[in-house]
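Step one of this worksheet: look at the structure below.
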Amino acid sequence: MGFITTILIILLVYYAIKILLKIFAPKILNYAGKKAEKHFREKFEGFDPQRQTKTTDEGDVIIKSKTSKNPKSSKKVGEYIDFEEID
């Protein structure tokens, strides 16, 4: 008799969880989506290129050069080996 009641309790808990997830899962996912959207809006608030003000007049030429403080190293790490495919 104890075995049957254990099986029935397990099935009852399984179906109760299944029903509760069908009811509450969309609400939980909607809440998580809104929180993620709010987080991303806060992080990327200043990166809108259309909202940036124009600081130069039309026709002005601006040259921006990238100067790197750490030049790329020219160390040779290894030897290149060309492999051929054998059929």
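Give the cross-link partners of LYS27 among the aspartates and glutamates, using a straight C-alpha distance below 20 Å as the criterion and excluding same-chain residues fewer than 8 apart. Candidates past the 8-residue exclusion: GLU37. Across segment 57-64, computed HN-Hα scalar couplings (Karplus, 6.51 cos²θ - 1.76 cosθ + 1.60, θ = phi - 60°) run 7, 5, x, 6, 9, 10, 10, 10 Hz from first to last residue, x flagging Gly and Pro.
A short reminder: the numbers here are calculations on the coordinates, not readings from a lab. Computed from a predicted structure; not experimentally measured.
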